[in-house]
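> One structure follows; several queries about it will come next.
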Amino acid sequence: MRQLTFKNASEAFDFYYGTIPYEGVDFAGTKAMFNQGFTIERPWERMIDNEKRAFNMEYAEAEWQWYLSGDDSVDKLGEIYGRVPAIWERMALGPKRLVNSNYGYQWERAHQLDKVVAQLKNNPDTRQAAISIYDGKEINKYRKDTPCTYAVQFTVVKGKLNMCVVMRSNDLWYGFCNDQYCFSMLQNLVCERTGIDMGTYYHFAHNLHIYNDKLPEQNTLTSRARKYG
């Protein structure tokens, strides 16, 4: 397994956008690399600078605010952003248009986030400050929307709060870019609530992929990328 360190999320994106098309294997309509883990040294540098990606910070912030609300209805995202992106429309379920992948809804379940903060305050050496998201015991609920993230864990190392995000599946083009924004914001939030300085962000994806239509030689979305994020 390759272990890499990047200064920020943009460096990580550039590396994998240039590497996956050549080292990835054909897998379910994507080029995919398996068991990819890397460290982001400055998680507070959230902007993806790649011009082809045209990263939409306004959308990423709207998604973060939606997570903070803890409201698992896509209509709440629509209120914040002004509309509901098509990908969330496809995942919404039932008359209340609920989704499983609102991570804020997940970390508020059983007060997971509050417990993490309390654990870190009470025992900075804890190895139990973790938030679980994907749960195989709930797979019957995942008919239209399966969370991509297994868990997020926080550890204090040399006086700084490090974070590890473990994902079962991660689309580089949209998923990684928006997820790293929200997870680094979560890391910042935990730092603020505990009074601990921010450390590094370790990102692990069992399946890190680019959909075939987003591969560099086939990507026609450059002019439209801002519509989603």
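> Any idea how many residues of region 92-104 are surrounded by 15 or more Cβ atoms within 10 Å (Cβ to Cβ) and on the phi > 0 side of the Ramachandran plot? Outline the logic, then answer.
So in region 92-104, the residues surrounded by 15 or more Cβ atoms within 10 Å (Cβ to Cβ) come out as 92-93, 97-104.
From what is left, the residues that are on the phi > 0 side of the Ramachandran plot are 97.
Qualifying residue count for the region: 1.
> Could you tell me how many of the residues in region 105-119 are crowded, with 17+ Cβ neighbours inside 10 Å, of a type outside the set (Ser, Thr, Tyr) and within 11 Å of GLY70 (Cα to Cα)?
3
> Continuing with the same structure: Residue pairs, Cβ under 6 Å, 6 or more apart or interchain, first in region 54-71 and farther than 22 Å from LEU98 by Cβ, second part of a helix (DSSP H, G or I). List them.
Listed pairs, sorted by first residue: ALA54/ALA225; ALA54/ARG226; PHE55/CYS177; ASN56/ARG226.
> If you scan region 68-78, which residues turn out to be surrounded by fewer than 22 Cβ atoms within 10 Å (Cβ to Cβ) and not small (Gly, Ala, Ser)?
Across region 68-78, the qualifying residues are LEU68, ASP71, ASP75, LYS76.
> Okay, next question. Hey, can you tell me all the residues within region 152-191 that are closer than 19 Å to ARG127 by Cα, among the polar types (S, T, N, Q) and out of contact with any Phe, Trp or Tyr (no Cβ under 8 Å at 6 or more places or on another chain)?
Listed by number, the residues that qualify are GLN153, THR155.
> Moving to a separate point now. Against the definition (assigned to a helix (DSSP H, G or I) and over 17 Å from TYR105 (Cα atoms)), how does TYR201 come out, yes or no?
The answer is no for TYR201.
> Another question, then. Exactly one of these conditions fails for ILE80: (1) touching a helix residue (DSSP H, G or I) at 6+ places or on another chain (Cβ under 8 Å); (2) touching a residue at least 60 places away in the same chain (Cβ under 8 Å). Give me its number.
Tallying (1) touching a helix residue (DSSP H, G or I) at 6+ places or on another chain (Cβ under 8 Å); (2) touching a residue at least 60 places away in the same chain (Cβ under 8 Å), ILE80 fails exactly one: (2).
> Looking at ASP114, ASP49, ASP75, ASP71, which one is touching a helix residue (DSSP H, G or I) at 6+ places or on another chain (Cβ under 9 Å) and more than 26 Å from ASN162 (Cβ to Cβ)? Step through it out loud before you land on a result.
Details: ASP114 fails: more than 26 Å from ASN162 (Cβ to Cβ); ASP49 fails: more than 26 Å from ASN162 (Cβ to Cβ); ASP75 fails: touching a helix residue (DSSP H, G or I) at 6+ places or on another chain (Cβ under 9 Å).
Being touching a helix residue (DSSP H, G or I) at 6+ places or on another chain (Cβ under 9 Å) and more than 26 Å from ASN162 (Cβ to Cβ) holds for just one of ASP114, ASP49, ASP75, ASP71, which is ASP71.
> Sort through GLN112, GLN119 and tell me the only one that's touching a Ser or Thr at 6+ places or on another chain (Cβ under 6 Å) and assigned to a helix (DSSP H, G or I).
Of the residues listed, the single one that is touching a Ser or Thr at 6+ places or on another chain (Cβ under 6 Å) and assigned to a helix (DSSP H, G or I) is GLN119.
> Looking at region 55-74, is at least one residue under 14 Å from the mean Cα position of the chain (by Cα) and under 16 Å from PRO216 (Cα atoms)?
no
Only the coordinates and a few stated rules stand behind these numbers; no lab work does. What you are looking at is a predicted structure, and each value in this text was computed from that prediction instead of being measured. Positions of Cβ are backbone-derived with ideal geometry, glycine not excepted, and every protein chain shown enters the neighbour counts.
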